[in-house]
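Where a number appears in this text, it was derived from the coordinates with a stated rule and is not lab data. From a predicted model like this one, the values you see are computed outputs, not experimental measurements. Positions of Cβ are backbone-derived with ideal geometry, glycine not excepted, and every protein chain shown enters the neighbour counts.
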Ligand SMILES: *Cc1c(COP(=O)(O)O)cnc(C)c1O
């Protein structure tokens with residue numbers, strides 16, 4: 001007998017996506033040129049409240065071109081949280097700068113502004129705050145520190161489409177903001193990303209960079225080394241359909257997050273991510289941390305047996321061989337959240353009943369463990 005499965009982070013694509021993809025195919029524009037690319041960029045920019053957005057093939061590329069645009073390079077240091085997906089740090093190494101890993105705050109799970117300030121040196125050029133799992137960072141304090149020390153801020157908003165901080169979309173507060181449309185993110189283009197910012201000149205230049213640094217007014221003329229990071233018309237067609245359904249997705253994520261909090265509220269020793277004042281999370285993922293030691297691998301196995309997949313919180317990047325040589329500080333909270341945190345099913349394909357089932361099975365396991 002097949003059990004109904006709960007989805008961890010599966011994408012939600014349907015008829016609208018099919019229709020837009022068919023339009024792209026029928027038009028003959030399937031590659032890096034075509035009307036959907038411009039439409040997707042314009043609609044995205046309008047949605048998050050900036051004048052211009054530039055699409056890429058991934059969030060990683062968006063971060064890479066953002067660092068390149070801001071002139072970050074050899075000899076520079078860039079402060080990042082240790083607790084994030086590895087793609088926050090890799091682009092810093094691509095531009096030959098050095099990531100400096102600092103700890104996160106134990107309540108929000110986001111980069112701790114005090115740790116940023118403590119690690120600024122003469123070489124520090126930028127900070128890359130990550131709105132972890134869709135929870136906005138303490139951007140007022142981060143921007144204050146950045147201004148005081150003349151640092152650039154690139155927001156890694158790859159997990160936080162739809163989240164707000166002081167009524168502004170995450171990704172629109174720093175110098176540049178980067179989004180991801182990978183299959184498991186809030187919306188997907190199959191694979192893709194976006195760079196946004198409030199300085200139109202800078203965004204124009206990024207558009208030029210991702211197009212092989214081509215000066216189109218002079219044909220195939222390339223005054224700078226660029227990148228081939230252009231989104232295809234097929235991907236943009238998918239993205240535009242997803243963007244039309246974004247409110248539906250965000251509503252579900254909000255409801256799921258609130259329901260998890262409610263269902264597990266009676267359980268001692270379970271904590272959720274806390275929002276800063278003025279922040280509203282989009283809850284790409286709802287995650288919990290167990291205050292008391294829990295055998296996570298066993299819990300995961302038991303849940304999976306009930307058709308409920310889960311995922312551990314990311315391993316601190318400092319654990320990976322290529323990153324052992326870089327500067328790091330005391331990362332107690334990062335390690336703590338990694339060791340005791342768990343990401344719960346958050347796909348918008350799920351129903352509220354799936355969330356209740358997940359919460360019930362967690363409670364059952366904890367009770368048995370006592
Ligand atoms: C997904 C993600 C990225 C990279 O996005 P891709 O589109 O997969 O390249 C970067 N940083 C964080 C925190 C992410 O979760």
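Brief remarks follow.
- Sequence ranges 213-220, 273-280, 137-144, ranked by mean other-Cβ count within 10 angstrom, highest first: 137-144, 273-280, 213-220
- Highest average packing first - 332-342, 7-17, 227-237, Cβ atoms within 10 Å: 227-237, 332-342, 7-17
- Counting DSSP beta bridges with both ends in region 153-302, the antiparallel % (nearest 5): 80
- Relative contact order of the chain, taken over Cα pairs closer than 8 Å and 6 or more residues apart, is 24 percent.
- Taking label points 7 Å from Cα along the Cα-to-Cβ direction, residue 215 and residue 74 give a separation of 2.6 nm.
- In this simple spin-label approximation, residue 198 and residue 327 carry label points 7 Å from Cα along the Cα→Cβ vector, and these lie 2.9 nm apart.
- For region 15-244, share of DSSP beta bridges that run antiparallel, in % to the nearest 5: 50
- Cα-projected label distance for residue 118 with residue 148, points at 7 Å along beta-carbon direction, nm: 1.5
- Considering helices alone, the calculated mean residue ellipticity of the chain at 222 nm is -11500 deg cm²/dmol, with DSSP H runs of length four and up weighted by -39500 (n - 2.57) and normalised per residue.
- Nearest-0.05 FRET efficiency for residue 247 and residue 277, computed from C-beta distance (R0 30 Å): 0.75
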